[in-house]
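Down below is the structure, laid out as C-alpha cells.
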Amino acid sequence: GHLGNYGITVHVVYDGQPVADTTIHQSNVKGKVAELGQSLSDRIEPVASGAPLGSGVLGVAVGPMFNLNGTDIPDNANLMAHAQLVSQAKTIRIHLKDDCDYLLAPNSAVEIEDHELVLEKGRVRAVRNGRCKVAAGPYLVMADPAADGVIAYGAGGNLEVASLTGTWRVSGSSGALA
C-alpha cells in the first residue's frame, strides 16, 4: 500500500444520464490502512442514492460476478433480509437503504439484515455508513453517517477497523471497546 493523500473522482450515472461528480479524499496514514484498503477501490458504477427499493428489499448488490444465496449472479440483485452474499474475484458494491454504501472485497462473505451488514469473513469498506452498522462475530462497529473506513474480520475472530474519515465505535459483548 502507498502512504499519502489521494483524490478519487466518482462519476455517477443513473439510467444512462449523468447525475453527479464528486471527489472522495482519502489519506493513507500508515501502511496497515493502505493494506486493509487494498482492492477496495475498484471502479464500480455506484448505485444511485435515493433510488426507490421495492417492498421487502433491504438493498442492492452490484458487481461483475458474485454469489447470492448459493447462486452465481453476473450483474446485480436485490437483497432481502438474511441474504447470504459472497464476493468472488472482484470487489462488489452493496447499497442498503438509509444511505449505507459498502465495497465488499474479493473472497469476502456477508449476511444482509435490516440496517446491518454482518461480516462473516474478509473485508468491507464502508464508503458511507449512513444509518447502518456492521456486525462481525461478537463485535458491533458503528460510525458517523458520512464516515468512511475499512473493517476486516478473519479466521480466529480477529477484527481490524481502519478509519479513513469520521468517528468509529467498536463494542463487544462486554460493552464499548474503542
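Tabulated data for the structure shown
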| read-out | value |
| --- | --- |
| Failed criterion for ALA81 (all others in (1) within 22 Å of LEU58 (Cβ to Cβ); (2) buried (at least 18 other Cβ atoms within 10 Å of the Cβ); (3) modelled with pLDDT of 90 or more hold) | (2) |
| All strands (runs of 3 or more DSSP E) inside the range 115-178 with 2 or more residues being surrounded by fewer than 20 Cβ atoms within 10 Å (Cβ to Cβ) and polar (S, T, N, Q) | 159-165 |
| Checklist (1) of a type in the set (A, V, I, L, M, F, W, C); (2) touching a strand residue (DSSP E or B) at 6+ places or on another chain (Cβ under 8 Å); (3) more than 20 Å from GLY59 (Cβ to Cβ); (4) open to solvent by 20 Å² or more (accessible area, probe 1.4 Å) applied to ALA89, failing item | (2) |
| Of all residues making up the range 70-100, the number that are in contact with a Ser or Thr (Cβ under 7 Å, 6 or more places away or on another chain) and of a type in the set (S, T, N, Q) | 2 |
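The values are calculated or read from the model by the stated rules, or taken from the named source; none is laboratory data. A quick note: this is a predicted structure, and the numbers were derived from the prediction, not measured. Virtual Cβ from ideal backbone geometry, glycine too; neighbours counted across all protein chains shown. Heavy atoms of the whole protein, side chains included, go into the accessibility calculation; ligands, DNA and RNA do not. Shrake-Rupley method; radii C 1.70, N 1.55, O 1.52, S 1.80 Å.
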